[in-house]
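Trainee: My questions will all concern the structure given below.
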Amino acid sequence: MNTKTPECYTTDQQARCLRVQMTATRWLVLPLDQFVYADLDSDGKEQKLKLVFATHEILISGHVLQRIETAIHRLELSGLMKLPEKYHALVAENQPRIREIVVAEAKAVSLQPESSLN
C-alpha cells in the first residue's frame, strides 16, 4: 500500500531543466538557465503563478503556490504536474495543489531601437 502523499511538483538541487506535464500524454522540458521571472498573484482564494522562460510562459492555478515560487527562485524546481481533483483531499492544507497548467509560447519582443520606430 502506497502511503506517500500525492505531490504536484518536484525539486532537485542540481536541476538543469523543468519538466512540465500538461496532460497524461504531453510533456514539455524547459532549461532552467532560460528562466526569466515569476509572478505570483495571491488575490482571492485561488492563486495564479506565472513562470516566464525565454521561449514559453507557464500559468499555474491552484493553492499554496508560494512553495513552487520559492523552488523556481532557487532554481531547484524540476517538475510540475496537475493534481487530479480526487487527490486534493489527501494533500495537507500547507502543501501546493495545482488545479490547472497552461503553457504558451512566449510573445516575441521587438528588439528595434526606439529611434527606428518613428
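The values are calculated or read from the model by the stated rules, or taken from the named source; none is laboratory data. The structure displayed is predicted, hence computed values, not measured ones. Ideal geometry is used to build each Cβ from the backbone, glycine not excepted, and the neighbour counts take in all protein chains shown.
Trainee: Taking only region 63-96 into account, find how many residues are closer than 17 Å to residue 39 by Cα, of a type outside the set (A, V, I, L, M, F, W, C) and in contact with a helix residue (DSSP H, G or I) (Cβ under 8 Å, 6 or more places away or on another chain).
Mentor: 1
Trainee: Please specify each residue of region 85-105 satisfying the condition of being surrounded by fewer than 16 Cβ atoms within 10 Å (Cβ to Cβ), farther than 16 Å from residue 18 by Cα and touching a residue at least 40 places away in the same chain (Cβ under 8 Å).
Mentor: Residues satisfying the conditions are 87, 90, 92, 100.
Trainee: If we keep just the residues of region 1-48 that are among the β-branched types (Val, Ile, Thr), at pLDDT below 95 and over 14 Å from residue 75 (Cβ atoms), which is surrounded by the fewest Cβ atoms within 10 Å (Cβ to Cβ)?
Mentor: The residue in question is 3.
Trainee: Still on this structure, please answer the following. Considering region 49-68 alone, what residues qualify as being in a helix (DSSP H, G or I) and modelled with pLDDT under 95?
Mentor: 66, 67
Trainee: Pick from 38, 71, 89: which is assigned to a helix (DSSP H, G or I), within 26 Å of residue 107 (Cβ to Cβ) and out of contact with any Gly (no Cβ under 7 Å at 6 or more places or on another chain)?
Mentor: The match here is 71.
Trainee: Within the bounds of region 14-22, is there any residue that is out of contact with any strand residue (DSSP E or B) (no Cβ under 9 Å at 6 or more places or on another chain) and among the aliphatic types (A, V, I, L, M)?
Mentor: No, every residue in region 14-22 fails to be out of contact with any strand residue (DSSP E or B) (no Cβ under 9 Å at 6 or more places or on another chain) and among the aliphatic types (A, V, I, L, M).
Trainee: Let me ask another. Looking only at region 70-82, count every residue that is surrounded by fewer than 19 Cβ atoms within 10 Å (Cβ to Cβ) and farther than 16 Å from residue 29 by Cα and tell me the total.
Mentor: Residues flagged as surrounded by fewer than 19 Cβ atoms within 10 Å (Cβ to Cβ) and farther than 16 Å from residue 29 by Cα within region 70-82 amount to 3.
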